[in-house]
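Accompanying notes for the structure given below.
The values are calculated or read from the model by the stated rules, or taken from the named source; none is laboratory data. Predicted model, so just to flag it, every value in this text is computed and none were measured. When we count neighbours, we look across all protein chains shown, and the Cβ atoms used for this are built from the backbone with ideal geometry, even at glycine.
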Amino acid sequence: MVQQVPNIFVVDNKDGRNEQFLPLFTAMDKAGYGKFEKNYFIINSNMQVQQNSKTTTTFGLIQNQAIRRGFSYVMYYI
């Protein structure tokens, strides 16, 4: 039996840049989108948000990059 493993686009927390997404990740987790753990947040790559701030625009650009590269999920390290 062959098991298919999902492909995950990993976003490192270089210089703490992913910490800007903490309020967004918390809200998404509470709404049932994605999974927020102690040191990472994982979400389907096709999840988009309204881009009305620098943070949400940056999130949207990362999500779009994952989709273009064919990844099913995005994992953001915190």
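Can you pull out every residue in the range 28-67 that is among the small types (Gly, Ala, Ser) and in contact with a strand residue (DSSP E or B) (Cβ under 8 Å, 6 or more places away or on another chain)?
Hits for the range 28-67 are Gly34, Ser45, Ala66.
Within the range 64-76, residues that are surrounded by 14 or more Cβ atoms within 10 Å (Cβ to Cβ) sit with their Cβ atoms under 6 Å from residues that are part of a helix (DSSP H, G or I), at 6+ positions apart or across chains, in these pairs: Val74/Ala66; Tyr76/Asn18. In the set (1) modelled with pLDDT under 95; (2) surrounded by 13 or more Cβ atoms within 10 Å (Cβ to Cβ), the condition left unmet by Gln3 is number (2). In the range 10-39, the residues that are free of Cβ contacts under 8 Å to residues at least 60 places away in the same chain form Cβ pairs under 9 Å with partners that are aromatic (Phe, Trp, Tyr) and assigned to a helix (DSSP H, G or I), at six or more places apart or across chains, as follows: Gln20/Phe59; Phe21/Phe59; Leu24/Phe59; Gly34/Phe25; Phe36/Phe25. Restricting to the range 28-55, give me the number of residues that are assigned to a helix (DSSP H, G or I) and crowded, with 16+ Cβ neighbours inside 10 Å. The qualifying residues number 1.
Candidates in the range 9-27 are the residues that are polar (S, T, N, Q) and touching a strand residue (DSSP E or B) at 6+ places or on another chain (Cβ under 6 Å); of these, the one that is surrounded by the fewest Cβ atoms within 10 Å (Cβ to Cβ) is Asn13. Just one of the numbered conditions (1) within 12 Å of Phe21 (Cα to Cα); (2) within 11 Å of the chain's Cα centre (by Cα) is not true of Thr57: (2).
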